[in-house]
Amino acid sequence: MTEITTPKGASPEVIKDDSMWKQKEMMAGHYDRITSAHENGLKVCNTFVPGNLNELIRCFGLVNNLPEVNAIQSGLRKKSGNFVLEAEKHGHSEDVCTYVKSDIGMMEKGNIAPNGKKFPDPDVLLLSYTGCFTFMKWFELLREQYDCETIMLHTPYEGDGKITKNMRDYMVKQLKDDVIPKLERISGVKFDIDLLRENLVKSAKAEEDLVWVLQSAKNKPSPIDAYFGGIYYIGPIFGAFRGTDDAIEYYKLLRAEVEARVKAGRGPVTPDGDMGKEKYRIVVEGPPNYTSFRDFWKMFYDEGAVVVASSYTKVGGVYDFGFRHDPTNPLESLADYCLGVYTNLNLPQRVDMLENYMNEYEADGLLINSIKSCNSFSAGQLLMLREIEKRTGKPGGFVESDLVDPRYFSPANIKNRLESYFQMIDQKRSGKTKGVAA
Amino acid sequence: MSALEKINERCLDLFEDLHFKAAREWKAAEPGRKVVGFMPVYVPREIIHAAGMLPLGITGGGDQMEVIHGDAYYQSYICRIPRSTIELGVSGRLDFVDGMLFPSICDVIRNLSGMWKLMFPNVYTRYFDVPQNYIDDIGGNYYTQELAELVEGLEELGGRKITEEQLRNSIALYNENRALVREVYDFRSKQPWKAPAADVYLLVRAGYVLPVEEHNKMIREWLTESEKVDRPLRDNCRVIVAGLFCEQPPLNLIKSLELAGCYVVDDDLLLVSRWLLEDVPLEGDPLHNLSQAFLHHSEETSAKYVPTLAEKGQHLVRAVAKRGAEGVIFASPSFCDPALLDRPMLQSALKKANIPFIAFKYAENSGQMQPIREQAGTFADSIKLWSEA
Ligand code: SF4
Ligand code: SF4
């Protein structure tokens, strides 16, 4: 769930690709748009990354503000730790999602955006309740602070691993009879379905290129890191840019750069420049840690480990199994998008997806980064790990951290575990060459 | 042993029996019988009953069961109930259960539904979703259709159709059950010295394993007998306990509150037993009626969305007024998203209404009750001081 402005302090010799500059510019523009929205007579709509209806929100001229993205920014800027403590001081439990606490703590501390200006109070909270229970409480909590209109859009869970007609009908009806009329009233703008269609056409274009980029990791060596790098790549499409020309341009640039890397047989770019020889191809399940994002990444690339596929980069939409936003069925397509995000899939679907990645991307193993305060991802991961080990015969690894609470990132411990995990892969490989079962 | 003691003892036996002997016997009594388990917080038990099956409430393993395998499935920062429920499953204690329903309450139980599918592929397993939109032709239609799908699933499991007549008959029985449970709660609120919280809990909990017909009979008898008992009225303060709607507190925790000087005059334990606040009408389409009851006359709990800020937490404020309670004790399972995320909002509603509260956390296997007893005792004392001042 993420848009990241480039972390500061990148080694000076690293030359930024055009796509990186483009993203940096987009993000800066995004925050300026938010912080100046009210001055410019625009209204602000806070909503979540999974189930984010950017194409629709844009039809009403609303500016989209995503609290998870803000929490990630706080994490990367090493501010979230204090925000979390601040929220806990105000009575929020130490056990709950740290995104929420980072957001609430940030509010208590003046609500300052990454551009140094104050975030405006939202005019509407679009509670797209998709794939995570915490979302419901998060916006109930914000509603208490801002006392503004809150719109619930309930995405049913794919309990049986499929989207039923009833689920889709329910969502379309919510959109038609509840969400859209309310957004019309709040924005004062009449809904124009043709504008929505136009936006959806743009989404699909960008999605096409994103999928190409993600699937480029099937190459050996992989030209991208599909987790740490992937988090940058999903930024525009998971955030406020899906359905915009900017996103189309960003993904075009990115694709061209990755194409060039494939042709040149080069591996991924890391904060320290090109990665060395690819030694391990890993599939990762679970969100990353943001407070020590670069240290965490370094633990991989220093060992020659590249992540070839990850589930986290599907949390704001699963596109690599064929879904595209569809202008011919605009509302149904928005419904299917929400219903299909990774955390709205049931556990067997999640296992199938990871198994598919293990095979399609010829990975050496599955590594889970289990997030302490995220039940949506974490509950059930140990069984998922076993299932994947059983089905693929490849070793699984397990580390624990938190998204934005630095107290739960223990570098020595994680590094140790990763090193032993990579050794395990080596052993498994040598076992294989000798024809001995591990 | 008095008649009341006998009922209480039977309820305790049922509570302690983690092999579910009563439900096993019910199943064995006639060939072809089926048992369908369900987890907190709400499923329409009427539909399971109408299918000729026994709804069996599964609420984890409590503090009596050693969790040997369950811990291998969960990280330390996830609540206890899913791991002890897995333990019940992998240890064979649920090997007679033909179906499992996992209601929409939180992501842990949601994900457990998928784990169950992977681990017990022969069991009919369904994630039971409910609407968070309460408009009749939006959330209402969706939910009616979900109920119809549940009916279909159970018909397939049971190998027979469920008729409207059977549904009505079951709704009537559960209307009666809910009315009786409400009567127990009213009785306790009026004369808490005659209805110890632990006894009330065990009585209602017996309904998780017994057929509803038998449970109704049991409650009636319990009410008659409890009315007759003479127990001393203590100088306790009246409290509502909130946050207990999923992972169960140890029985000792409930007892400790009373020992610490608190009469529990309401709680959110075992909510399925009184989820629907009014009788479900018997005329008309039964599924539509169940759906309407859910939308417009159901309990408030942290797993449900509250559409307006003004209404948030008011169910608790109203309960305090209705029960003449003097304070609220928030007891929440550690790592419980619904209870813990909701708590600050409920507390701010109480603050505005000048209602005192305290909060602590527990786990189903918490052993040490002394700190909780001390905290509750201090709370009770301070309430008394305030009321005297
Ligand atoms: S619980 Fe997990 S999925 Fe939900 S908001 Fe927090 S980090 Fe995101
Ligand atoms: S105790 Fe809370 S978090 Fe755990 S399963 Fe129950 S509702 Fe979910």
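Each value in this text was obtained by applying a stated rule to the coordinates, not by laboratory testing. Small disclaimer: the values here were computed from a predicted structure and weren't measured. Here Cβ is always computed from backbone atoms with ideal geometry, including for glycine, and neighbour counts include all displayed protein chains.
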(request) Could you tell me how many degrees, from 0 to 90 and to the nearest 10, lie between the Cα long axis of helix B:197-206 and the main elongation axis, the longest principal axis, of the Cα atoms of chain B? (result) 0
(request) For every helix of n ≥ 4 consecutive DSSP H residues, a contribution of -39,500 (n - 2.57) applies; sum these over the protein assembly as shown, divide by its total residues, and give [θ] at 222 nm rounded to the nearest 500 deg cm²/dmol. (result) -15500 deg cm²/dmol
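What is the calculated FRET efficiency for A:Asn356 to A:Ile193, with r their C-beta to C-beta distance and R₀ = 41 Å, to the nearest 0.05? Let's see the in-between values first.
Values: r = 35 Å, r/R0 = 0.86.
So, using R0 = 41 Å, E works out to roughly 0.70.
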(request) Give the calculated FRET efficiency between B:Ile135 and A:Lys162 to the nearest 0.05, with a Förster radius of 22 Å applied to their Cβ-Cβ distance. (result) 0.30
(request) Take every residue in peptide A:152-162, count the Cβ atoms of other chains within 10 Å of its Cβ, and give the average of those counts. (result) 6
(message) Tell me the volume per residue, in Å³, of the convex hull enclosing the alpha carbons of chain A.
(response) 131
(request) At 10 °C and 1.306 mPa s, grab the translational diffusion coefficient of the range B:57-98 from Stokes-Einstein with a Kirkwood Rh over Cα pairs, rounded to a whole number in µm² per second. (result) 153
(request) Within the range A:20-96, list the GluC sites (Glu not before Pro) lying in a DSSP loop whose Cβ has at most 11 other Cβ atoms in a 10 Å radius. (result) A:Glu39
(request) For helix A:193-215, report the angle its Cα long axis makes with the longest principal axis of the Cα atoms of chain A; keep it between 0 and 90° and round to the nearest 10°. (result) 10
(request) Can you tell me the 0 to 90 degree angle between the C-alpha axis of helix A:330-339 and the longest principal axis of chain A, rounded to 10? (result) 50
(request) Could I have the simple spin-label model distance between B:Leu12 and B:Asp279, label points 7 Å from Cα toward Cβ, reported in nm to one decimal? (result) 3.6
(request) Tell me the label-point distance for the pair A:Asn416, B:His297, using the 7 Å Cα-to-Cβ offset, in nm and rounded to one decimal. (result) 6.0
(request) Report the residues of the range A:65-91 in range of a label on A:Glu144: point 7 Å along Cα→C-beta, backbone N strictly under 14 Å from it. (result) A:87-91
(request) From other protein chains only, count the Cβ atoms within 10 Å of every residue's Cβ in B:129-136, then give the mean. (result) 5
(message) Cβ neighbours within 10 Å, averaged per peptide: list B:338-348, A:192-202 in order, most packed at the top.
(response) B:338-348, A:192-202
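If R0 is 41 Å, what FRET efficiency do you get for B:Asn354 and A:Val201 from their C-beta distance, rounded to 0.05?
Details: r = 57 Å, r/R0 = 1.38.
The value I calculate is 0.15.
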(message) Quick check on chain B: take the gyration tensor over C-alpha atoms, sort the square-rooted eigenvalues as a ≥ b ≥ c, and tell me if it's rounded (a/c under 1.5), prolate or oblate.
(response) rounded
(message) Just want to confirm a number: the relative contact order over chain A, from Cα pairs under 8 angstrom separated by 6+ residues, in percent.
(response) 20
(request) Take the alpha carbon atoms of the range B:43-121, find their radius of gyration, then divide it by 2.2 N^0.38 Å using N residues; give the quotient. (result) 1.12
(request) Please label the shape of the range B:1-93 as rounded, prolate or oblate, based on the square roots a ≥ b ≥ c of the eigenvalues of the alpha-carbon gyration tensor (a/c under 1.5 means rounded; beyond that, a/b larger than b/c means prolate, else oblate). (result) oblate
(request) Please identify the longest segment of chain B free of exposed trypsin sites (Lys or Arg not before Pro), where exposed means a DSSP state other than H, G, I, E or B and no more than 13 other Cβ atoms within 10 Å. (result) B:1-159
(request) Would you mind classifying the range B:310-389 by shape? Square roots of the alpha carbon gyration tensor eigenvalues, ordered a ≥ b ≥ c; an a/c under 1.5 is rounded, otherwise it is prolate if a/b is larger than b/c and oblate if not. (result) oblate
(message) Once you place label points 7 Å from the Cα toward the Cβ at B:Ser382 and A:Asp121, how far apart are they in nm?
(response) 3.1
(message) Name the residue from B:Tyr42, B:Tyr208, A:Ser376 whose Cα lies farthest towards the positive end of the charge dipole of the protein assembly as shown, charges +1 on Cβ of Lys and Arg and -1 on Cβ of Asp and Glu.
(response) A:Ser376
(message) Just to be sure I follow: if Rg is taken over the C-alpha atoms of the range A:78-133 and Rh is the Kirkwood radius over the same atoms, what is Rg/Rh?
(response) 1.00
(request) Could you work out the mean count of beta carbons from other protein chains within 10 Å of each residue's beta carbon in B:337-350? (result) 5
(request) Let me know the Rg and Dmax you get for the protein assembly as shown when you use only its Cα atoms, in Å. (result) 27.3, 89
(message) Give me, ordered by chain and number, the residues 5 or more places off A:Ser310 or on other chains with an amide H under 5 Å from its own placed amide H.
(response) A:Val284
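When only C-alpha pairs under 8 Å and at least 6 residues apart count, what is the relative contact order of chain B, in percent?
20
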